[in-house]
Amino acid sequence: MQVILLERVPKLGQMGEVVKVRDGFARNYLLPLGKALRANAANKTRFEAERSTLEARNLERKSEAQKIADVLEGKSFNVVRSAGETGQLYGSVAARDVVEILAAEGFNIGRNQVHLNTPIKAIGLHNVVIALHGEVEISIELNVARSAEEADRQKKGETLTSADAIYGVDEDALRPEDFFDPDADGNAEDE
């Protein structure tokens, strides 16, 4: 199906371009959300008549998105989750969680604006891309840790995926004698 784009759509085209897309993508996404019109003679003349209004609206949305981007760009957010000693989370941090974290800080972002290819499943510092507008993308940092203290340590550059980092125990320096009494007889049943 041929459509006329009413705004910039990433990986598809700029405003005013006539592009060929799959029928389902046009019917289920572009047309209902007002991002495109079917490419026919009547809609082409309608688009040309409304072009200045659409460009002004697009510029206004872009400037609003840029204001939010200036505030959010490069910010870091702490996320406290339960995790094992190896740093593997018992759950995950998905786009829905990122939206909730940003909402708690006062930013109204939609789940479809968070570009997270796969959910975060390990502690550490993770960069997340947020598309506030077709032309405005920013990156925020999520500091996923087991506690607020660990988040502070991670921010300073520590890796918290070993017993030494978590408990202050050097795993390489441990010897069997530390756990077993060498003088013990081994026959606990005789006593």
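The values are calculated or read from the model by the stated rules, or taken from the named source; none is laboratory data. Predicted model, so just to flag it, every value in this text is computed and none were measured. Don't worry about glycine lacking a Cβ; one is built from the backbone with ideal geometry, like all the others, and counts go over all protein chains shown. Ligands, DNA and RNA are stripped out before the accessible areas are found, and what is left, the full protein with its side chains, is counted by its heavy atoms. Shrake-Rupley method; radii C 1.70, N 1.55, O 1.52, S 1.80 Å.
Of a type in the set (Lys, Arg) and without any contact (Cβ under 8 Å) to a residue 60 or more places away in the chain: does that describe Arg111?
Values: of a type in the set (Lys, Arg): yes; without any contact (Cβ under 8 Å) to a residue 60 or more places away in the chain: yes.
Here the answer is yes, as Arg111 does meet what is asked.
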Right, Glu48: among the acidic types (Asp, Glu) and surrounded by fewer than 12 Cβ atoms within 10 Å (Cβ to Cβ) or not?
yes
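Looking at the structure I just gave you, is Lys67 more than 15 Å from Glu135 (Cα to Cα) and open to solvent by 100 Å² or more (accessible area, probe 1.4 Å)? So that I can check it myself, show each step before the final result.
Numbers: more than 15 Å from Glu135 (Cα to Cα): no; open to solvent by 100 Å² or more (accessible area, probe 1.4 Å): yes.
Considered against the rule, which asks whether it is more than 15 Å from Glu135 (Cα to Cα) and open to solvent by 100 Å² or more (accessible area, probe 1.4 Å), Lys67 comes out as no.
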Which condition breaks for Gly87 when tested against (1) surrounded by fewer than 16 Cβ atoms within 10 Å (Cβ to Cβ); (2) more than 25 Å from Arg61 (Cα to Cα); (3) not charged (D, E, K, R)?
(1)
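Conditions tested, residue by residue: (1) assigned by the TED database to the domain that holds Gly124; (2) small (Gly, Ala, Ser); (3) more than 27 Å from the chain's Cα centre (by Cα); (4) surrounded by fewer than 13 Cβ atoms within 10 Å (Cβ to Cβ).
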{"position": "Gly16", "(1), (2), (3), (4)": "no, yes, yes, no"}
{"position": "Gly24", "(1), (2), (3), (4)": "no, yes, no, yes"}
{"position": "Pro32", "(1), (2), (3), (4)": "no, no, no, yes"}
{"position": "Ala39", "(1), (2), (3), (4)": "no, yes, yes, no"}
{"position": "Asn43", "(1), (2), (3), (4)": "no, no, yes, no"}
Subset of region 83-102 (residues that are among the small types (Gly, Ala, Ser), free of Cβ contacts under 8 Å to residues at least 40 places away in the same chain and farther than 18 Å from Glu137 by Cα)
Gly84, Gly91, Ser92, Ala94
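Quick check on this structure: which one of Gly110, Gly168, Gly134, Gly157 is modelled with pLDDT under 85, closer than 30 Å to Glu55 by Cβ and open to solvent by less than 70 Å² (accessible area, probe 1.4 Å)?
On the way: Gly110 fails: modelled with pLDDT under 85; Gly168 fails: closer than 30 Å to Glu55 by Cβ; Gly157 fails: closer than 30 Å to Glu55 by Cβ.
Gly134 is the lone residue from the list that is modelled with pLDDT under 85, closer than 30 Å to Glu55 by Cβ and open to solvent by less than 70 Å² (accessible area, probe 1.4 Å).
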Filtered residues of region 19-67 (kept if assigned to a strand (DSSP E or B) and either touching a Ser or Thr at 6+ places or on another chain (Cβ under 7 Å) or free of Cβ contacts under 8 Å to residues at least 24 places away in the same chain (or both))
Val19, Lys20
